[in-house]
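What follows is a set of notes on a single structure, which appears directly below.
A short reminder: the numbers here are calculations on the coordinates, not readings from a lab. These numbers come from a predicted model, not from an experiment. Heads up, the Cβs are rebuilt from the backbone with ideal geometry, glycines too, and the neighbour counts pull from every protein chain shown.
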């Protein structure tokens with residue numbers, strides 16, 4: 001006779017609770033927190049010493065007058081910020097920084113994309129051009145500055161030599177405000193071009209070829225394919241490179257220091273170079289700290305604006 005299975009004798013079909021699953025599959029021990037501390041501790045310590053403490057210290061010093069060794073002496077609140085924002089010299093530095101950043105970001109992205117578009121084609125000897133286009137990644141700032149100083153030199157510079165041969169008027173590149181800004185923008189774009197080219201070249205190689213084949217079958221022109229196929233497909237990489245280039249342009253220092261030292265007539269005196277001048281040349285650490293805070297706020301603001309407005313156009 002078949003035995004009847006009562007509800008009490010049926011196997012339980014209730015799912016295991018989270019605690020039971022953790023008890024069997026994810027055993028957590030009291031000592032695990034020490035392993036986490038061992039792995040995270042060095043990173044947290046390094047960030048605390050070299051990032052978070054300098055940030056808080058800079059914010060603290062910006063509220064004080066300091067002596068020539070950087071120790072706070074008199075609390076003045078926001079007076080450093082008020083003096084800066086009402087100073088014509090600092091406003092000129094803000095304008096120079098805006099011109100420099102716009103020029104560097106625009107030309108770096110445009111030239112990097114054009115070079116990457118050229119290098120992605122399968123042509124004979126294209127490997128040599130790919131190597132040449134990315135070669136600036138291995139050049140240090142000091143070497144690049146010396147190279148461009150010879151290019152823009154008023155006596156032996158390549159540009160002026162070419163101008164002499166063509167009977168063109170000579171340009172005092174590094175001693176005239178306008179040409180000096182153009183010179184440092186060209187130098188910075190040349191320095192950044194290798195990294196931008198390499199990143200965009202990798203993105204272009206990942207674009208599926210069937211998309212181009214389908215567009216060609218539909219009769220789409222090369223320009224239409226570029227704007228409606230290529231750019232949407234590499235938009236995440238473009239967004240990344242534009243953000244990195246923007247932040248790097250705000251922090252440019254080496255080429256400015258070695259080529260123009262902020263001159264002539266403070267025409268290339270960017271915000272970060274003004275921080276260096278006030279802190280290490282003039283000994284005014286309180287004012288330099290306020291300038292650093294303003295620079296950090298501006299960089300954060302522009303980065304947030306990029307994420308708010310440009311990220312909407314990114315195709316993932």
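Data table
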{"read-out": "Pair-distance profile P(r), taking every C-alpha pair of segment 142-262, with 10 angstrom steps and integer %", "value": "12, 30, 22, 20, 14, 2"}
{"read-out": "Where N is the number of residues in segment 84-197, Cα Rg divided by 2.2 N^0.38 Å", "value": "1.28"}
{"read-out": "Choice from 92, 288, 216 with maximal GNM fluctuation in the chain (Cα, 10 Å cutoff)", "value": "216"}
{"read-out": "Pairwise centroid distance, computed over Cα atoms, of segment 38-109 with segment 179-208, Å", "value": "27 Å"}
{"read-out": "Tilt relative to the chain, helix 32-47 - C-alpha long axis, 0 to 90 degrees, to 10", "value": "10 degrees"}
{"read-out": "From the coordinates shown, semi-axes √(5λ) of the Cα gyration tensor in Å corresponds to which of (1) 75, 17, 15; (2) 45, 23, 18; (3) 50, 37, 18", "value": "(3)"}
{"read-out": "Exposure proxy order (Cβ contacts within 10 Å, fewest to most) of 291, 311, 213", "value": "213, 311, 291"}
{"read-out": "Least to most buried among 34, 148 (fewest other Cβ within 10 Å first)", "value": "34, 148"}
{"read-out": "GNM result for the chain, Cα springs below 10 Å: residue of 246, 204, 281 fluctuating most strongly", "value": "281"}
{"read-out": "130, 71 arranged by Cβ crowding within 10 Å, fewest neighbours leading", "value": "71, 130"}
{"read-out": "Choice from 72, 42, 208 showing the highest fluctuation, given a GNM over the chain with Cα pairs closer than 10 Å", "value": "42"}
{"read-out": "Computed [θ] at 222 nm, deg cm²/dmol, the chain (DSSP H ≥ 4; -39,500 (n - 2.57); rounded to nearest 500)", "value": "-19500 deg cm²/dmol"}
{"read-out": "Relative contact order %, segment 262-304, counting alpha carbon pairs below 8 Å whose residues are six or more apart", "value": "29 percent"}
{"read-out": "Degrees separating the helix 285-305 axis from the principal Cα axis of the chain, which is the longest one", "value": "60 degrees"}
{"read-out": "On Cα atoms only, tilt of 88-119 relative to the major axis of the chain in degrees", "value": "70 degrees"}
